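Written out below as structure tokens is the structure these notes cover.
Quick note: the coordinates plus some simple rules give every number you see, no bench work behind them. Quick caveat, the model's predicted, so the values are computed rather than measured. Because the Cβ atoms are built from the backbone with ideal geometry, glycine has one as well, and the counts that use them run over all protein chains shown.
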Amino acid sequence: MVFAMPSRRDGFGLVYIEAMRQGLPVIASVHDGAQEINRDGVTGYNVDLDKPDELPERIIYLLKNPDRAASLGRNAQNHWREHFTYSAFKGRFLPILNAFLTSTKSA
């Protein structure tokens, strides 16, 4: 299986994160915020919608190469686990919050 939803307007791409959580390789777009989430060639592919052949080529490639799709899907799930779980967010956010609170106390 593959999750494909290339867009020109998606600002963040929560749906890509949900697909990664399920272990699916993601096909997204180079025209929106997906590039910040989907790692091209690692967790899936980011296609240029101005090149109409790229999207079907990537979908067909992954459907014909299930081992590659599975590898990208595993990478995607690991990427989700490392960056988008609550504990990953908390690990990034708490040091920033603590630094802010410390700086406001001394001001």
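All conditions in (1) out of contact with any strand residue (DSSP E or B) (no Cβ under 7 Å at 6 or more places or on another chain); (2) surrounded by 10 or more Cβ atoms within 10 Å (Cβ to Cβ); (3) part of a helix (DSSP H, G or I); (4) free of Cβ contacts under 8 Å to residues at least 60 places away in the same chain hold for Trp80, with the sole exception of (4).
All conditions in (1) part of a helix (DSSP H, G or I); (2) more than 9 Å from the chain's Cα centre (by Cα) hold for Ser7, with the sole exception of (1). How many residues does the stretch 21-57 contain that are charged (D, E, K, R), in a helix (DSSP H, G or I) and within 16 Å of the chain's Cα centre (by Cα)? Adding up the residues that qualify gives 2. Looking across the stretch 1-36, the residues that are among the hydrophobic types (A, V, I, L, M, F, W, C) and free of Cβ contacts under 8 Å to residues at least 40 places away in the same chain come down to Met5, Phe12, Leu14, Val15, Ile27, Ala28, Val30, Ala34.
When the stretch 83-107 is examined, which residues are found to be in a helix (DSSP H, G or I) and over 23 Å from Leu14 (Cβ atoms)?
Hits for the stretch 83-107 are Pro95, Asn98, Ala99, Phe100, Leu101, Thr102, Ser103, Thr104, Lys105.
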